[in-house]
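*Asks:* Pasting in a structure now, in structure tokens, and then I'll have a few things to ask.
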Amino acid sequence: MANQSTVHIIDDDTAVRESLLALVNMKGLTAKGYSSAESFLSNLQPSDTGCVVCDVRMPGLTGLQLLEKMAERKSTLPVIIITAFADVPTAVRAMQAGAVTFLEKPANDTDLIAAIQQALNLEQAQQALRRQKADVENKLTTLTADEIAVMRKMLEGLPNKRIASDLDIGLRTVELRRSNIMKKMGAGSLAELVRLALLVDFFQADSKGS
């Protein structure tokens, strides 16, 4: 887990909040406490990494409402919901709203730390995926319009001769553009190019533009 990742603990009960902070710190993780969902949201930055541990029933915004607010802000921080008033409908709503785990109070220390570690690992994987997507999108911007046209045909699985015919260009031109596409995208095979295209929804964007 990255050292800069922070476990954001939200609970209006000071004793519970301090206890959770102490537990997380004891495990060598960085933690910040908030007495309300509003306080957390006012400090939430797009660059924040880590995860959130949040109570359900709090004055002001509830834990479930916090999940909705975070979704509106497109925050990808994984959220662990904990509550002393656990019931199936609430658990279902929490999971549907995006919570990664739902735990009953008082949460077992081992279970809570395991849930936090799982959430942090998930968030790191999401970060890696976002970086990879950004890299692919940047590479796509280096392609010319003519290369994009050839790439679309390549992704349809068409052979070079068919691409040349469809685009009314020479076979050698197709081969050169195809080579440039593979180099610029950093793809070693057509299968790899397809994977990169899927990563950034290239097919969906192409269908919208057609």
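*Asks:* On a full-extension model of 0.36 nm per residue, what is the gain between ARG57 and LYS74, subtracting their alpha-carbon distance, rounded to one decimal in nm?
*Replies:* Numbers: separation 17, 0.36 × 17 = 6.12 nm, distance 2.29 nm.
Residue separation times 0.36 nm, minus the Cα-Cα distance, leaves 3.8 nm.
*Asks:* Using +1 on the beta carbon of Lys and Arg, -1 on that of Asp and Glu, and nothing else charged, what's the dipole of the chain about the Cα centre, debye to 20?
*Replies:* Numbers: 24 positive and 25 negative charges, 213 e Å.
My answer is approximately 1020 debye.
*Asks:* Continuing with the same structure: So for the range 142-209, averaging the separation of alpha carbon pairs under 8 Å that are six or more residues apart and normalising by length, what relative contact order in percent results? Walk me through the numbers before you get to the answer.
*Replies:* Values: 35 pairs, mean separation 20.9, N = 68.
Relative contact order, the range 142-209: 31 percent.
*Asks:* Put a dot 7 Å past each Cα toward the Cβ at GLN132 and SER39; how far apart are the dots in nm?
*Replies:* The modelled label-to-label distance comes out at 3.8 nm.
*Asks:* So what is the relative contact order for the chain, in percent, with contacts set as C-alpha pairs under 8 Å and at least six apart? All intermediate terms of the calculation are to be shown ahead of the outcome.
*Replies:* Details: 255 pairs, mean separation 30.8, N = 210.
Relative contact order of the chain: 15 percent.
*Asks:* Let me ask another. Between the range 20-43 and the range 82-121, what is the C-alpha centre distance in whole Å?
*Replies:* If we compute the Cα centre of each part, the gap is 16 Å.
*Asks:* Here's a follow-up. Give me the dipole magnitude in Debye, nearest 20, for the range 142-209 about the Cα centre, with unit charges on the beta carbon: positive for Lys and Arg, negative for Asp and Glu. Don't skip to the end; give the middle numbers.
*Replies:* Details: 11 positive and 9 negative charges, 33 e Å.
In debye, rounded to 20, the range 142-209 gives about 160.
*Asks:* Something else about it: Among the lysines, which have Cα under 19 Å from the Cα of LYS183 when same-chain residues fewer than 8 positions away are ignored?
*Replies:* In chain and number order, the partners are LYS133, LYS139, LYS153.
*Asks:* What is the order of MET58, MET182, MET151, MET26, fewest Cβ neighbours within 10 Å to most?
*Replies:* Details: MET58 21, MET182 17, MET151 24, MET26 11.
Sorted ascending by nearby Cβ count, the order is MET26, MET182, MET58, MET151.
*Asks:* Mind checking the angle between helix 171-185 and the chain's longest principal axis? C-alpha axes, 0 to 90 degrees, to the nearest 10.
*Replies:* So the inclination is approximately 20 degrees.
*Asks:* Helix 145-155 versus the longest principal axis of the chain: what angle, 0 to 90°, nearest 10, using Cα atoms?
*Replies:* Its long axis makes an angle of about 80 degrees.
*Asks:* A follow-up question, please. Quote to one decimal, in nm, the extra length available between LYS27 and LEU167 on full extension: 0.36 nm per residue of separation minus the C-alpha distance between them.
*Replies:* Numbers: separation 140, 0.36 × 140 = 50.40 nm, distance 6.06 nm.
Between LYS27 and LEU167, full extension yields an extra 44.3 nm.
*Asks:* Turning to a different aspect of this structure: So what's the back-of-envelope 222 nm ellipticity for the chain, counting only DSSP H runs of four-plus at -39500 (n - 2.57) apiece and dividing by all residues, rounded to 500? Walk me through the numbers on the way to the answer.
*Replies:* On the way: 10 runs with 124 residues, N = 210.
One gets -18500 deg cm²/dmol as the mean residue ellipticity at 222 nm.
*Asks:* Of ALA191, LEU167, PHE203, which is farthest on the positive side of the dipole of the range 142-209, counting Cα position, with +1 on Lys and Arg Cβ, -1 on Asp and Glu Cβ, and the Cα centre as origin?
*Replies:* ALA191
*Asks:* What's the angle, to the nearest 10 degrees (0 to 90), between helix 190-199's Cα axis and the longest principal axis of the chain?
*Replies:* With rounding to tens, the tilt is 40 degrees.
*Asks:* Let me ask something additional. Answer rounded, prolate or oblate for the chain, using the Cα gyration tensor with square roots of eigenvalues a ≥ b ≥ c: rounded when a/c is under 1.5, else prolate when a/b is larger than b/c, else oblate.
*Replies:* Values: a/c = 3.53, a/b = 2.91, b/c = 1.21.
The shape class here is prolate.
*Asks:* Roughly what % of Cα-Cα distances in the range 129-210 sit above 16 Å, to the whole percent?
*Replies:* Details: 1593 of 3321 pairs.
Summing the P(r) of the range 129-210 above 16 Å gives 48 percent of all pairs.
*Asks:* If each residue of separation counts as 0.36 nm, what is the full-extension length gain between PHE203 and GLU18 once their alpha-carbon separation is subtracted? Could you put the intermediate results ahead of the total?
*Replies:* Working: separation 185, 0.36 × 185 = 66.60 nm, distance 4.90 nm.
Full extension of this stretch gives 61.7 nm more.
*Asks:* Within a Cβ distance under 12 Å of LEU67, other residues only, what is the Lys/Arg minus Asp/Glu net charge?
*Replies:* Overall, the nearby charge balance is +1.
*Asks:* Still on this model: Give, to the nearest whole percent, the P(r) tail of the range 6-129 beyond 19 angstrom, counting all Cα pairs.
*Replies:* Values: 3064 of 7626 pairs.
So the portion of pairs separated by more than 19 Å is 40 percent.
Computed from the coordinates by the stated procedures, all read-outs in this text should not be read as laboratory data. As the structure is a computational prediction, the values presented were derived from the model and not from experiment. When we count neighbours, we look across all protein chains shown, and the Cβ atoms used for this are built from the backbone with ideal geometry, even at glycine.
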